1. I need the full set of residues from segment 18-39 which are surrounded by fewer than 20 Cβ atoms within 10 Å (Cβ to Cβ) and of a type in the set (Ser, Thr, Tyr), in order please.
2. What are the pairs, 6+ residues apart or on separate chains, where a residue within segment 258-280 that is closer than 27 Å to ILE136 by Cα has its Cβ under 6 Å from a residue that is basic (Lys, Arg)?
3. Which count do you get for residues in segment 45-71 that are open to solvent by 10 Å² or more (accessible area, probe 1.4 Å) and either within 17 Å of ASP156 (Cβ to Cβ) or in contact with a strand residue (DSSP E or B) (Cβ under 6 Å, 6 or more places away or on another chain) (or both)?
4. Just to check your reading of the model, which residue among ASP42, ASP104 is more than 16 Å from the ligand (Cβ to nearest atom), open to solvent by less than 30 Å² (accessible area, probe 1.4 Å) and at pLDDT 95 or above?
5. Report whether or not ASP175 is under 30 Å from ILE289 (Cα atoms), among the charged types (D, E, K, R) and in contact with a strand residue (DSSP E or B) (Cβ under 6 Å, 6 or more places away or on another chain).
6. Does SER15 count as within 16 Å of the ligand (Cβ to nearest atom), open to solvent by less than 40 Å² (accessible area, probe 1.4 Å), among the polar types (S, T, N, Q) and in contact (Cβ under 8 Å) with a residue 40 or more places away in the chain?
7. Could you tell me which residue of segment 83-101 is most open to solvent (accessible area, probe 1.4 Å), considering only residues that are small (Gly, Ala, Ser) and more than 24 Å from LEU249 (Cα to Cα)?
8. For segment 119-132, check the following and say yes or no: at least one residue is within 16 Å of the chain's Cα centre (by Cα), within 16 Å of the ligand (Cβ to nearest atom) and either outside the structural domain of HIS232 (by the TED database) or surrounded by fewer than 16 Cβ atoms within 10 Å (Cβ to Cβ) (or both).
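The values are calculated or read from the model by the stated rules, or taken from the named source; none is laboratory data. The structure displayed is predicted, hence computed values, not measured ones. Glycine gets a Cβ as well: all are built from the backbone with ideal geometry, and neighbour counts include every protein chain shown. The area values use the complete protein model at the heavy-atom level, side chains included, leaving out ligands, DNA and RNA. Shrake-Rupley method; radii C 1.70, N 1.55, O 1.52, S 1.80 Å.
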Amino acid sequence: MDIRFLGGAGEVGRSAILVNGRLLLDYGMKSEDPPQFPGDVDPEAVVASHGHLDHVGTIPSLLSGSARPPIHWTPPTRELALTLARDTLKLHGGTLQCPFTETDVQRVTQVSKTHGYRETFEAAGHEVTFFDAGHIPGSAHVLVDDGETRLLYTGDFHTDDQQLVSATTARPDADVVVCESTYSDVEHEERSTVESRFVESVERTLWEGGTVVIPAFAIGRTQEMLLICERHDIPCYVDGMGKRITEMLQHHPTFVRDADALQRAKSHARFVTGRDGQRKRIAEQNTAIITTSGMLHGGPAMTYVPAIRSNPVNKIAMTGYQVEGTPGRDLLDTGSAEIDGRRMPVSARVQQFDFSAHADRAGLLEFIESYRDETILVNHGDRCADFAAELRADGFDASAPERGDRWCWCWSDA
Ligand SMILES: [Zn+2]
């Protein structure tokens, strides 16, 4: 087997791995300004691990020429990838920041092939099987068998249960494991503790008469927050792209942990249309508002945060890690942020809760332990080389390929 790392090696974003020169695993986008894409590639078939921008964001561009490679994914991943592609078109269509057109996105629907977990299918001469990765609905570990070598590409995964999806439990046999390492130096706080701290904090602000703005990613995090609000009977509105994703997931009940709970959570929340100054009125209410974007880049949060920021009784409850250079990170570090082009001091309280959808160090080690005698290639992280070195010190055959690297294993060499 021959594995080429086109992106996502030693970095987070633009994941892309080419197997045996024919089969492409993921084709993501690094959402910086300007965005970055993996190198050009002309695969026979494409397999996507899950519907996040850094794994599927560039896929439609593969259809801009005459090639029509089939794209294999789970049903939710297909829906999420199309939603993200249309969003990229809306934001950047016709500029260099968008490497595809409306026509390319249309073509994606024509070559799409959906598969459930544990249903083996054929792609570019390989046997491929998806296993539930416990990251977001539809997320998959991808097992690729070329007849000689079995490659397990973990994609992003979580080893703890979330309200929305259950933890990964599948550990299929493999000879080579390409493993994400996003939080290889982080120990997450116990999920139930994070959840109780969050609930207590939101309830206190509501009891004091304030408004709580809960910035959340549209995919996964918004639904997780809705489920938590319903469980604890916290009154809430939901706004932004997360509304559409919630509705979409209701059509794929087998890909969430508890479809009835998601249905209850959706009924419990009030969906904001945004018409006629509705957002400004909601921001004055004694309620919680779950809204995109998760790091205050844009979305309806741009209306809610300015509306509630001056009153110290109000609260902004961040729901995940804030990347350096984002307004969300700025707000946590300095107490002010540039919102919609204007720097604003924020008197409302700001708190951060780590509702991560990735395995932490202990989770990664627990996963990798199942592959003690195999080859481990560490990718998707800021400290891939360090983590690979730590694994080697622990007796693993581990390395961290760099972007552009090629890894080859033939039986004759083995
Ligand atoms: Zn992801």
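1. Correct list: SER31 only.
2. PHE271/LYS243
3. As a first pass, look at segment 45-71 and keep what is open to solvent by 10 Å² or more (accessible area, probe 1.4 Å): 52-54, 61-62, 64-68, 70.
Filter again for either within 17 Å of ASP156 (Cβ to Cβ) or in contact with a strand residue (DSSP E or B) (Cβ under 6 Å, 6 or more places away or on another chain) (or both), leaving 52-54, 70.
Final tally of qualifying residues: 4.
4. ASP104
5. Values: under 30 Å from ILE289 (Cα atoms): no; among the charged types (D, E, K, R): yes; in contact with a strand residue (DSSP E or B) (Cβ under 6 Å, 6 or more places away or on another chain): yes.
When the stated conditions are applied, ASP175 does not pass them.
6. yes
7. For segment 83-101, the residue satisfying everything is GLY94.
8. Looking for residues that are within 16 Å of the chain's Cα centre (by Cα), within 16 Å of the ligand (Cβ to nearest atom) and either outside the structural domain of HIS232 (by the TED database) or surrounded by fewer than 16 Cβ atoms within 10 Å (Cβ to Cβ) (or both), one finds at least one in segment 119-132, hence yes.
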